[in-house]
Structures are given as structure tokens and as C-alpha cells.
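What follows draws every value from the coordinates through simple rules; no lab data is involved. Keep in mind that what you see is a predicted model, and the values were worked out from it rather than measured. Here the Cβ positions follow ideal geometry from the backbone for every residue, glycine too, while neighbour counts run over all protein chains shown.
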Amino acid sequence: MPKCKYDWPEAGERRLIGKRISRIDGPVKSSGRAKYSYDVNLPGMLCAKMLGCPYAHAKIVSIDTSEAEKLPGVKVVRVIQGPGTEIQWEGDEVVAVAAVTEEIAEDALSKIKVEYEQLPHLVHEEVLTEVGDRGKPAAEIKSGDPDAAFKDKNSVISEGTYGASVIAHCCLEAHGGVYDWPDENTLVTWHSTQNVSGVPGQLAEALGIPAGNVRTICNYMGGGFGSKFGPDRWGMVGAQLAKEAGRPVKLMLPRDAELKLAGGRPSHFAKIRVVAKRDGTVTGWESDSWSTGGPGGGGMPPIPYVLEVPNRVMRHTSVATNIGPTRAWRAPNHPQACLLTMAALDDSAAKLNMDALEFFYKNAGLAGERGEIYRQELRIAADLAGWKNFWHPRGDKTPGPIKRGLGMSMHTWGGRGHNSNCTVTIQPDGSVEVALGSQDLGTGTRTVIALSAAETFGLPIEAITVRIGDSKDPASGASGGSTTVGGVSSSTRRGSVDALEAFLAKLAPSFGVEASALEAANGYVRVKADPSQRLTWKQACAKLGVTPIQASGKNPGPCNLISSGVGGVQIADVSVDTETGLVKINKFVAVQDCGLILDMKTAESQCYGAIIMGITYSLFEEKIMDRVTGRMLNPNMEFYKLAGIGDIGEIIVHMMTGPGYDERGVIGLGEPPVISPGAAISNAVANAIGVRVPTIPITPQKVLAALQKGGKA
Amino acid sequence: MEAFEYANPTSQEEAIKLLAGEWGKTEILAGGTDLLSLIKDGAACPKRLVSLKSVEGLGGIEYKEDSGLRLGAMVTIDELMSHDDVLGHYPALAEAAEAIRSPQICSLGTVGGDLCQRPRCWYYRAGYGLLATYNGKPLVPEGDNRYHAILGNAGPAYFVNPSSLAPILIALGAKVSIQGPQGSREVGVDKFFSTPSAEGQREYDLKPNEILTGITVPPAGGAKMAIYEVRQKEALDWPLAAAAVVLNMDGQTVKSARVVLGHVAPVPWPSPEAEAALAGKAVSEAVADAAGQAAVAKAKPLSMNGYKVQLARVAVKRAVLKAAQGGA
């Protein structure tokens, strides 16, 4: 018996929890029946397009929309940013047009005349000495006695420069939506969002209507990664255009705008010195970091990452650039901090001529209370990657141009459940519905909601109907910070336990026992002490007559269903062609804990997806900015490269489960596994070729440059 | 995108009449995989598209032992890469087609279109013109030229020829057939491409009212052949450098060689220097490497593309070794 009535079932009593269960929306998605925002087409709907500024930094002098307004089929032309506005990045929206077709809207944009006064731009920050007065000292943090640590004669100092460029989110489903006013005070939005319950309030305030009059619907969405929390300018403009036109409006970003405007992960670069004792114990850290997150500059990354080096000093410079806006990108700042730290520490291990596994194992204690988890994970990851057989000291000495190497990294994340409300309804016809204003970003949220209810009711997962994606349902949190699974599974569990309790109380008289003597299991309601006294679920529900049972579930709430704080270890096994600089992933091992795993299959899928995304940002992704024009040169999927199936190698995922993990409750997993790939791959490349490629993405150009600089070409 | 007229002629004569006498007014639509994106990006604004889809006499693959291979211009990349005679007699040509990778492009894209597609230069595609100027100055030397030319790049053209098939077709001695108002003509694929010296000029020898009707490839006569592409990604990705090699052997010795580089210059780049380095030699790692070095001896990289010199050299070396070992 659980100690607290809402607790997750004990290990022996779990029917669905921890099993490999396929996504319940798999068939509807793979058959194309799932409708995304882009698929919504309403009668009389207009198409909207936005004109972006062609300069990275400019002041708007004048705008003439008269020619566009005259074009047949154009219904509304709306200036978004007027004369006098200072534009800080290329593509920033200046005017919007709603027209009867996409083509007319595009033509109208070409007829708008905007005069700009160009201002100096900065779109490169990777060399700090070249940023001029755009760089501002932002922070200095000191702890312990780094000077003494670096002066210690028996210690070894290593140093290097490391970094990660600005990348985009590149959501495969672009940002935007469809906006419709059924009457002048009511707005319905099919807005692609990670925040179904949160969008209406943000829109309503700006539009001057009550929040309750705005409804947001997002049944399916194709990726957000932290970039789809708000209504955004296009959501606001879409709603305004629709109101003015008196017709529904579709405003989805085209691919180039998606890459220029709708995301962006800040860069992080750092010159780092690490000092360690000859036995490998890391004692000191000194870093001078810099970063950009656009015109507002960029903050200090959380370095040293995971491992709390006792004596440390970190100085940071914030660089204001015109590269574009940035947003939270899957585990904000962690992948960059992880790369800077784990690459610098790996270089320290190499300088000490130590096996990196031994080095990280030795220093895992600096991770505090999770040190032992990291040690367990390091052992498992090393076994799965064949570390003993394939790791070698820096530089693969086998003949031929192809060099193989292994590299590792460790990461952490929080992941506690967000606030969530749901309604659980048992209908007299036997159907069960869970409804909440949450969203499934493609992560399996629908499936874990169904699973949590099905486990509680003793029903197969197919017996549960999940209704999410509508802000008119009970409010549930935004999907950010890996908090969704914790939030929605606990509200569903609590609501389901309460609904079941009420249901059994109704049935108790007809069984002639107390409600507490009944249970729901294997599709029956039965007497615990005599399971032969039973009704099928459907028969039992029929006894409700015409009145459904309904209960609300909440998170937070009683009993400990969730917690936070995870650790993971990843190992990359790569081959580098030293004649061409091409890096191929042979194998990638991810070992991850995330507390109690509800659905093993979707948990593993999260890791696969994260690793593919991680390989992509490690090898391919980069917002390539033109120094001369200030524009993004690769706002397309031709040169903004993403890994394909042939580029990812073999991925091995091992989830930590059982005693020590399960009893912690549910912890989110969306972000942790995407953190380490940059560091693990960078370290593997260094292990293969004997020199460090300082920054990601690790392109052939950079590999060949590093080999040449290191005298290994 | 400006509105345009769509013409669907059924004969070559009719198609030619529908084409304007100057560039820009009309464009030829074959598979459309390049043209439609050019129009969407605003890099092409034709008033009329002349589709070749229904035009007679532009399809078909024929092979004869004495005259070799004839490809209709509208043969798709898919048809080319899976045709038995191509696979059997010109394996490197089939491999070059297969290396395009994108199922969509292979299914719709044509061999004529592969030769006539426009460069992928990101400045050109962003509307700065094929010669990419900004405020009257050339953009490429000052800008991001990581994918631009390392050979034949004295200016004002810095883009690279994007064709996947041209290097191997040139190495095989292929010719293109061209039909115009004055009748038909044949041009060697090596002569078909040229480097424009002024904006508005095209990078191939086709007049605005001519159509490319087919390609003939002479019999390979037992030559060994291979291509090698250095691509960052396995899936659709433009090569950073590529090489096509055809070796006519006398026992273990190279009697004569054709070496053509791709993606390194505004035109497919035949390398007589590499060919000379191979002639009369038995192929070894050292000989292949010497050919690679010879191929790039005159390379003058721009500010950011020095790495491509190394990649071109390796592409030649590996194509030579692959050819010598039996080819594609």
C-alpha cells in the first residue's frame, strides 16, 4: 500500500509505469490526420505576411504603404514599427499585410517603400578583441583562493579557448498561427505554443479585452525548444489584422524569418585555465568568458559546470550584437557551459596524461550530493562505449587518415513539475477523459497523462481519452524547464485517485461492502478480498445512471509524486578524417537518471531526440552572419545544416532505474540529455586527432585549421 | 513573386518561339527544383515560364556500343542513376547522380537542369546579383566566402559551379546538343560553361532562346572512372569539393587521364596539370597525391576558404585511387 494515498504504486504493483508504451498520438500524427496550426483553414481566411528590415542596424526614416494598399486583394496594411524606430537586427518586422492569398500578400510587401538610415552593426563576437566598445565587463565572481591554487608548484596548469556560436531554434513547425474574432470582443487563436494556458492572458492585456475572452487552441505542435512561450509579435499582429479585416488571418513565419527572428541560442566563449594536482584532483579555475544574446549582450554562463572547483575566479564580458534576438534554448546556457567546462577539464586530464574516465571519476565528488550517481553512470557509460578497448591517450596513432577517439561529458538539470490543474471524468458509458490546458510538444505528454490515469483506474491506456491543447480546459503550466511530465502526471494522478474514490463510493452499496474494500484492477471493479465479486468497468460505470463522476487534480498537492535534480553522463565515439576534417559519429552513449520513469519508450525517445539535436549543434548548426551586410547568410535549410539519419551513428540510451531512482518520483527529461553532446563530441575529436578544435560547430574547416595549428596536418 | 505566364509547348520549335531573345524575360522550366526556389527568393523574375515537360524528343536513355550514350535533357536524375547501361558502362556517372541524394530532387530534377542550374552562392540567392556586389563593391572577397571559389576566382565571379554531373561528363568527353532558332549545334560540356565578366551574363553557353536537348557521351572503352565528393553531410548537402577522374590504362600504367574538379571554381575545372601528373605512371598513393597537388597548385584561396584547397587536393587523390581500384 502506498504510504500516502496519491503516491505512485510500489514497484510490484505497476502495470504500465516503466513499460515501453508507444505514443497514443502516433497513428494520428504519422497518418497526417493530426492538425497543426498551419493546417487550420477557416472560411474567408486571409493570409498575412510581414516585411522585415534588410539591415542589421538602422533607423526607420519613413514608410510609404500607399502602393501596397492599392493592390487588389490586399485587405489590411499595418505598420508594426514606425519612423524613428531603431532596428537592431535584420528581418525585424516593420509592416504587416493581410491579403486574400499568400502571393498577393507577398506582392504587397514588395510595393512598400521604407527608407532607412543605416547604423553601424556588429554581427561577429567570436574574437573579443574585435568587438570594440560593444563589449562591457559584466561580472566577476571569486571563491576560495585561486591565486594560491595556481601558484602551487606541485600542480599542473592547462589552458585553452573554447566556445559555441549563436545557433537558431529551427523549429520544423514555424512560429505563428491562425487568429479569428467570432465577435468583436472574442478572440480564438490557433497559435503554435508551448504555453496553451498562458497565451490568452498575454494577448488579452495588449488587445484590451478580458483574458477569458481569448481562447488558444494548439492540439499538436512541431517543436518549440524554448522559443514558443509567448504570443510574440506575430501573434499580436495576426490578432490585430484579423480584427481590422473582420476575417480570420493566418500568419505563419516563412523559414527565413523562422531562422532569423524566432529563436537564437546565445553564444558563449571563454579563455579558461584549470589547475590540478598531479593525481588529477582539480583545485583551481580561472575563466574570462564573453557572450552575446543580441543587442542586450549576454550573461555569464554557469561555469565551472557541475563540478564545484574549490578555488575559482570567473570574469565575464557581455557583447551587444545585431545577430538577432535570443530565447531560451532547450536547457538554457547549460550546453554552452558544459562545453566550456568539460572541454577545459578534458584538456587538463590530457595534460596530466590521465585517462579521462579516471579523471572525471576522481573529480565526481565535486558534484556534491550527486557525485555517487555520476560515478555509477560513468561506470555504465564506459562499459557501453567500450572505453577500455577504444580509449587511448590523445591522438590516435594508428596509420591512415581516419582517426578514432572517445570523449565524455557530464551534465545536470532540475526538472520539478509545474503547476497543473486537470479534470478527470468517468462517464456512465465507461469512457474516461482527462482534460487540461497543457500541450504536447512532440515529447509524449499526451501519452504520460493517459498512462497516469490508466494505471490508477486499472484500465488499458487506450481506454483513456486525453484532451489537451485548449486554454478553456483547466490551466496547466508552460512546457519549459522540463517541468511538464512532473506537473501533468501528478495532477492527473491526484484527479484520477479522487475520481476513483468517488466512483467506488457510489458502487459500494451495490457490492454490499465499504468503498475501501473495493478496487479497480485489470478492467474490473472488484472486491479486494474476493476478486470473483466483480463488475467489468463498463458494467460498473453503467450504475452511474446519467451522472458522470468528475474530480479535479492539482499540482502541487499532497504526497510526494515528483522531485528535481538529475545527472547524466554521455560518451561520444567519433572518427575524424584528418585529410578532409570530416567528423563521423560512430556511436553515442547516453546514461541518464530522471527519477521514476513513467513510459520507458518516450523517455528513451527524449534522449534519442536530444542526442540527434546535440550532434547537430556540435557538427553543423551556426547562424552564419555576414560582416559586410550584417545579414544572416544561411536562413534556409540548405546551409543551416541539420543532421540527417546518416549523420548520427548508433545511439545507445541507458536509463537509470530501480532503488535509489524510482522512489524520487517523476522528474522531467526534456532538457538534460541535450546538454552534453557538444562537450562529449569535442572531447572525442580531441582524443582522435590530438588537438582541440576550440569551438562548435566542429566543421571540416575548423578541424583542418586545428590540425595545422597543432602541427598535425 | 511576380505573376508570370506558363507555357506548355509540345514541340521544340514551339518552345523556342516562346522564348525571348534576352535573358530574364523568359525561363525554361524543366524539373523546376532550382528555378522555383530562385523565383521564390526573388533572384529570378521571369514574365513567362516555358515548360519542357510536354516537348517531344527530350527524354530517353539510349546506349550503343559504337556511339555511346545519349541522354535526353529531360531524363531525371533517378532514371540516370538506375539505368543498367549507365551503371554498366559509366558507373561514375551513376554515382555522381546518386550523390545528389535528395529523393525529391532526384525524382523531379533533370540532367539538363543539373547542368543549367544556377550557382548556390548565398549572396546571389539573397538578391545581390550573380557577381554579388554591395554599394558597388564585390561582396565575396570581404564577406563570408567559405564555400566560394579557390580557382578561376580573379573576379568578378567568385561563385562555384554547382553541377553534380558536369565534372564526370567532361572527364568522359561528353557533348551537349542545343536547339535554337537557327537550328542545332553541339558543344563539348567542357566548353559549355564560362565565367561571366559582367552582371547579366550567364555562366553557360546557351542563348536566351535556345534549349538544351540532350547529352551524348562517347563509349568509355574500358576506361576506369570514379568520382569523389567531400560533403559534410550524408544527406543532401553541396560538396565542399569534388573530383571526377577517367583513366585510360595500358596494363598497370595510365596511358592518359581526364581529371575535372567540381565546386572549386565558377566553372567545372579540368586540370591538365593533374592529368600530366598521372600520364605514363602506375597509380600509387604517391602518384595520386601528386596529381591532387598538381590540381591545386594554382589555387588562390579567398580569405576564408583556404581549407577547400586541401579538400580539392584530397578529392582528386581519392578519385584517382578509387578509379584505379576499379571505379565507382
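One table, with the values for the structure above:
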quantity: Strands (runs of 3 or more DSSP E) wholly inside the stretch A:388-477 containing at least 3 residues that are over 30 Å from A:Pro672 (Cβ atoms), touching a residue at least 12 places away in the same chain (Cβ under 8 Å) and of a type in the set (D, E, K, R); calculated: none
quantity: Pairs where the first residue, in the stretch A:688-713, is facing chain B (nearest Cβ under 9 Å) and the second is among the hydroxyl-bearing types (Ser, Thr, Tyr) and part of a loop (DSSP other than H, G, I, E, B), C-beta under 6 Å, 6+ apart; calculated: A:Pro700/A:Thr580
quantity: Residues of the stretch A:193-211 satisfying the condition of being assigned to a loop (DSSP other than H, G, I, E, B), surrounded by fewer than 17 Cβ atoms within 10 Å (Cβ to Cβ) and among the small types (Gly, Ala, Ser); calculated: A:Gly208
quantity: Extreme residue, nearest to the other protein chains (Cβ to nearest Cβ), among residues of the stretch B:230-264 that are over 27 Å from A:Phe639 (Cβ atoms) and in a loop (DSSP other than H, G, I, E, B); calculated: B:Gln252
quantity: Those helices (runs of 4 or more DSSP H) lying entirely in the stretch B:265-328 with at least 2 residues more than 12 Å from chain A (Cβ to nearest Cβ) and among the charged types (D, E, K, R); calculated: B:272-278
quantity: Scan of the stretch A:297-347 for residues that are over 21 Å from the mean Cα position of the chain (by Cα) and among the basic types (Lys, Arg), ordered by number; calculated: A:Arg312, A:Arg315
quantity: Selection from the stretch B:123-141 of residues that are within 11 Å of chain A (Cβ to nearest Cβ) and without any contact (Cβ under 8 Å) to a residue 12 or more places away in the chain; calculated: B:Tyr128, B:Tyr134, B:Asn135, B:Lys137
quantity: Hits in the stretch A:604-619 - residues which are touching a strand residue (DSSP E or B) at 6+ places or on another chain (Cβ under 6 Å) and either without any contact (Cβ under 8 Å) to a residue 12 or more places away in the chain or surrounded by fewer than 23 Cβ atoms within 10 Å (Cβ to Cβ) (or both); calculated: A:Glu604, A:Tyr608
quantity: Test: A:Asn333 is more than 22 Å from A:Ala276 (Cα to Cα), of a type outside the set (Gly, Ala, Ser) and crowded, with 22+ Cβ neighbours inside 10 Å; calculated: yes
quantity: Selection within the stretch B:197-240 - closer than 17 Å to B:Leu93 by Cα, touching a Lys or Arg at 6+ places or on another chain (Cβ under 7 Å) and among the small types (Gly, Ala, Ser); calculated: B:Gly214, B:Ala226
quantity: Odd one out for B:Arg318 among (1) closer than 17 Å to B:Asp190 by Cβ; (2) surrounded by 18 or more Cβ atoms within 10 Å (Cβ to Cβ); calculated: (1)
quantity: Among the candidates A:Thr602, A:Thr580, residue that is over 30 Å from A:Asn322 (Cα atoms), among the hydroxyl-bearing types (Ser, Thr, Tyr) and within 13 Å of another protein chain (Cβ to nearest Cβ); calculated: A:Thr580
quantity: Residues that are buried (at least 19 other Cβ atoms within 10 Å of the Cβ) and in contact with a helix residue (DSSP H, G or I) (Cβ under 9 Å, 6 or more places away or on another chain), drawn from the stretch A:629-638; calculated: A:Thr629, A:Arg631, A:Met632, A:Leu633, A:Asn634, A:Pro635
quantity: Qualifying residue in the stretch B:203-218 (condition: over 23 Å from B:Met74 (Cβ atoms) and among the small types (Gly, Ala, Ser)); calculated: no
quantity: Of all residues in the stretch B:13-42 being over 20 Å from the mean Cα position of the chain (by Cα) and among the hydrophobic types (A, V, I, L, M, F, W, C), the one that is farthest from the other protein chains (Cβ to nearest Cβ); calculated: B:Ile16
quantity: Identity of the residue in the stretch B:179-229, in a strand (DSSP E or B) and among the aliphatic types (A, V, I, L, M), that ends up surrounded by the fewest Cβ atoms within 10 Å (Cβ to Cβ); calculated: B:Val187
quantity: All positions within the stretch A:161-171 that are under 30 Å from A:Asp279 (Cβ atoms) and buried (at least 24 other Cβ atoms within 10 Å of the Cβ); calculated: A:Tyr162
quantity: Selected residue (criterion: nearest to the chain's Cα centre (by Cα)) from residues of the stretch B:289-315 that are among the small types (Gly, Ala, Ser) and surrounded by fewer than 24 Cβ atoms within 10 Å (Cβ to Cβ); calculated: B:Ala299
quantity: Count of the stretch A:638-657 residues which are under 20 Å from A:Lys623 (Cβ atoms), more than 7 Å from chain B (Cβ to nearest Cβ) and touching a strand residue (DSSP E or B) at 6+ places or on another chain (Cβ under 8 Å); calculated: 0
quantity: Pairs with Cβ under 6 Å, 6+ apart, first in the stretch B:1-12 and closer than 22 Å to A:Leu51 by Cα and within 14 Å of chain A (Cβ to nearest Cβ), second surrounded by 12 or more Cβ atoms within 10 Å (Cβ to Cβ) and among the β-branched types (Val, Ile, Thr); calculated: B:Met1/B:Ile39
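One line per residue, one yes/no per condition, for (1) in contact with a His (Cβ under 8 Å, 6 or more places away or on another chain); (2) over 30 Å from A:Leu339 (Cα atoms):
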position: A:Phe150; (1), (2): no, no
position: A:His169; (1), (2): no, no
position: A:Asn185; (1), (2): no, yes
position: A:Val199; (1), (2): yes, yes
position: A:Ala204; (1), (2): no, yes
position: A:Ala211; (1), (2): no, yes
